[in-house]
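Report on the following structure.
The values are calculated or read from the model by the stated rules, or taken from the named source; none is laboratory data. Here the structure is a predicted model, which means the values were calculated and not measured. Heads up, the Cβs are rebuilt from the backbone with ideal geometry, glycines too, and the neighbour counts pull from every protein chain shown. Calculation scope for accessible area: heavy atoms of the full protein, side chains included, ligands and nucleic acids excluded. Shrake-Rupley method; radii C 1.70, N 1.55, O 1.52, S 1.80 Å.
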Amino acid sequence: MRPARNHPRETLRRQFSILVERCILPPVTLSVVIITYNEEANISRTLESVKPLVCDGKGEIIVVDSGSTDRTVVIAKSFGANVFIEEWKGYAAQKNSAVDKATGNWILSLDADEELETKLAGELDWLLGALHEWEKNGVPVDDDPPAKKLRERGYDYGLDEEHLNGFLIPRRNFFLGRRIRFGGFWPDSKLRLFRRGTGKFEDRLVHEDVLVDGNTSSIQRGSLIHHSYPTLSDYVDHMNRYSSLGAEMVAGRGKVRFSVINIALRPLATFVYNYFFRLGFLDGREGLLLHLYHAVYVSWKYAKAWELSRHRRSR
């Protein structure tokens, strides 16, 4: 007896279904957004670390550059990034511009001097897949397998109420090449992963954070690596720039008087608190320099605020 043969039309239909299944690209799940200016020393490391999350059509990279004069744009494009050149509008506005260009379901906001630890990249890949499974038919009940999977991993807050809309990611900071473990610099969690349409950077001149509507949780495995200040010159330049922006925020609240407390005693208290009470001295010479110059930053901020306020009154 001869074996049954598939009808040619049925065979053709199966082959066509397989072809269509292979050709349809998956929807963009993740948008990695970065703002840059002359970051050729850092951007390759950052983009290399997110490749596993955006490959094979899973995600996209959005770079908003403010007119770099080095190879930042060329390097970003070599990683397949969508690069937009825009005039500098301030940290929050620039980052929100990048967020607005994202098309993914989730947004991962990174600084150009940050990278994803391998363990973190794997955790984010797993988490995005689990969240997609969880949300297929709305918010599931307790005994649904997707909810169980998330709870077993430690992502339990808000599962019974509404969608999780944001995730805090711990960050490992490096100063002069040394990881800083004490003085308030670990875990230094930042809200960097959030659902598109639910989060924006708050409108402030400096130290801007993402504000998210809805529940948030914390990433359970891995961390960001922050290559913040490789040299003392970088740190001093950064503190000078940030103290000026901070001074504008202080002066914007109203008249600022010359204050010995703010200019001298507050920096001293800041140093004592971070270096001694928060064990910053355990980070060795780098810890001493970091907290010493951070105290100087506090003094600069209030001195500049007084100077700025006095200048405005004299007009």
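Just a few scattered comments:
- Residues whose amide H falls under 5 Å from that of Tyr155, counting only those 5 or more places apart or on a different chain, are absent, with hydrogens built in the peptide plane.
- Distance between modelled label sites at Val236 and Arg153, nm, 7 Å Cα→Cβ extension: 4.6 nm
- When the P(r) of the range 172-271 is calculated, the portion above 24 Å amounts to 42% of the C-alpha pairs.
- Per-residue SASA entry for Lys51, accessible area with 1.4 Å probe, Å² rounded to 10: 90 Å²
- Estimated from helices alone, the mean residue ellipticity of the chain at 222 nm is -13000 deg cm²/dmol (sum of -39500 (n - 2.57) over DSSP H runs with n ≥ 4, per residue).
- Two numbers describe the Cα atoms of the range 227-275: Rg and Dmax, which are 13.3, 37 Å.
- The order of Thr46, Thr231 by accessible area, most exposed first and with a 1.4 Å probe, is Thr231, Thr46.
- 17 Å cut-off, amide nitrogen to a point 7 angstrom out along Thr103 Cα→Cβ, residues in the range 70-87: 80-84
- Remark: the chain carries 56 Å² of accessible area per residue (probe radius 1.4 Å; ligands, DNA and RNA excluded).
- Once the chain from Tyr273 to Arg315 is taken as fully extended at 0.36 nm per residue, the excess over their C-alpha distance is 11.2 nm.
- Amide H partners (placed H, <5 Å) of Thr36, local residues excluded: Val64, Asp65, Ser66
- Rule-of-thumb Rg ratio for the chain [Cα; 2.2 N^0.38 Å; N residues]: 1.24
- Exposure rank, largest accessible area first [Phe271, Phe84; 1.4 Å]: Phe84, Phe271
- Take every Cα pair under 8 Å whose residues are at least 6 apart in sequence, average their separation, divide by the length of the range 146-271, and the relative contact order is 28 percent.
- Relative protection proxy for 33-43, 63-73, from highest mean packing down: 33-43, 63-73 (other beta-carbon atoms within 10 angstrom).
- Within a Gaussian network of the chain (alpha carbon springs, distance under 10 Å), most fluctuating of Leu110, Leu193, Leu232: Leu232
- Kirkwood Rh, Cα atoms: Rg over Rh of the range 220-315: 1.06
- Sequence-separation-based contact order of the chain, relative, with Cα cut under 8 Å and 6+ spacing, percent: 16 percent
- Per-peptide average of other Cβ atoms within 10 Å, ordering 124-135, 249-260, 166-177 highest first: 166-177, 124-135, 249-260
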